[in-house]
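Below is one structure, written out as structure tokens; comments come after it.
Bear in mind these aren't lab numbers, they're just calculated from the coordinates by the rules spelled out. If you're wondering where the values come from, they're calculated on a predicted model, not measured in any experiment. Ideal geometry is used to build each Cβ from the backbone, glycine not excepted, and the neighbour counts take in all protein chains shown.
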Amino acid sequence: MAPLAAEPAFNQQVDMVDVITIQPSAIVDHLCHVTASEMASVFGPQEIGGARRCSMEELRSLLDHFSGVMGSDSWGKMFLNSLERSGVCPALLRVAGNSGTGQCMVMTDAATGQRTMRTAMSSDCILEPDMVHEIAFQGSKWIFLSAYSIFKPGLLTTCAKKAKSQGVKAMLDLSSWETGCIAGSRVDEHLELHHEPACPGLKVVDTTGAGDAFSSGFLYGLLKGLPLSKCANIGCVAGAAAIQSLGSELGHDQLLWLHQNMHSKLAGSVVSMPALEIYKELLDVYALLGRVGVGVVYFGSARLTQSSLYWDMTVSLAHDISSLLHAPAWTGGGPGLMHAATLGAQQAGGIAAGIRISRESGQTIYSAGYLPEGSTVTCKHMPVRKAALADCGLRQKETDRTAYIFLPGGEMDC
């Protein structure tokens, strides 16, 4: 292998992340529109298809490390900038000092949006199995193995084994044929087959990256604790967003469409906000809301404690409402009557969740840790918290049982 510019971090422990993406060679796509006859003259009559690297850009609100090797040329710098712009950490990315970055020619049929590609990877610019160490996987939840991992003998199995030794789950994206997933299922596992329809009525501009977007969306749902059927839905929506523009990166309009169809029109509108913090906070809220469900939202004073006569009244009220409606109880996750309402719902066997605030006017706001792990989102911005609590009680279908309860001191929260 060509000399490396620096010793990589693959033998060091890195910050805890949600996903480590294994892409043995960094690849830069070159895209162009062609006619069907032009494509046939270059590639022949074969079926259009192929695989490409997973950019993981759709996992913007999650933590991701990208692992592989890139060249020291201008294409490598472009690849690195693209990763960082997408919020992907390149801590596990090697740089091959005397080698060029991998490149891929993507030709898209201007009429149908279907594409095919030819990839060129340098043999001196690829991740070797002996570069992978267990410590790099510590604290991660998933490892994503792309199809390119197959091209280097031993790399896929090495990564899978070492990830398993650290308790990291593996996700394989090795085929473009749907039947492969079904044929690989064991009969004795009693797996349920779920069919998720494609999004209808869309103009296909370019199918490049659609499969990668599906994988990103599906993995996003898994990491948010959503049901597998919802993961499949998000995957299809992400793939549908990808086909609406040329290339694999989603523009503003595609991100707006993606989040509107993942969550709601309100969630989609936050994409247009310039503040990335607010954007991320709202998406975290909608992910929690999708997992818990809408229910009864309690607004109440944070200053009325157990010594107040309203404490026991709130506990009793929340208990009775939870027993009657069997709906989740939502609060601001803070002290006072928010705590009392949560206790009442929990005593009735109900689900409780909260949208907490971390700071207001420069002061740290105390929030008791009485809610179950994974049932809260902590916001830095008060408007996000207020909008989120309003949506937690917004009825979306006839079977939803929702309400807004304003306790003493809570009328100021609306």
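When you count the other C-beta atoms within 10 angstrom of each residue and take the mean per peptide, 88-94, 397-403 line up highest first as 88-94, 397-403.
When both bridge partners sit in region 288-413, DSSP labels roughly 15% of those beta bridges antiparallel. Local charge for D73 was computed over the other residues whose Cβ lies under 15 Å away, with Lys and Arg +1 and Asp and Glu -1, and equals +1.
How would you order 217-225, 193-201, 146-154 from highest to lowest mean count of nearby Cβ atoms within 10 Å?
Per-residue mean Cβ counts within 10 Å order the peptides as 217-225, 146-154, 193-201.
Each peptide in 99-112, 298-311, 340-353 was scored by the mean count of other Cβ atoms within 10 Å over its residues; highest first, the order is 340-353, 99-112, 298-311.
Using the alpha-carbon centroid of each, what span in Å lies between region 116-179 and region 298-324? The distance from the Cα centre of region 116-179 to that of region 298-324 comes to 52 Å.
Tally Lys/Arg at +1 and Asp/Glu at -1 over every other residue whose Cβ is under 15 Å from the Cβ of L324; what's the total? If you can, show how the numbers build up before the last one.
Values: positive: R401; negative: D320, D400.
With Lys, Arg at +1 and Asp, Glu at -1, the neighbours total -1.
Rounded to the nearest 20 debye, the dipole size of region 288-413 about its Cα centre is 340 debye, using +1 on the Cβ of Lys and Arg and -1 on the Cβ of Asp and Glu.
Give me the net charge for the shell around V168: Cβ to Cβ below 12 angstrom, other residues only, Lys and Arg +1, Asp and Glu -1. Here the charged neighbours net out to +3.
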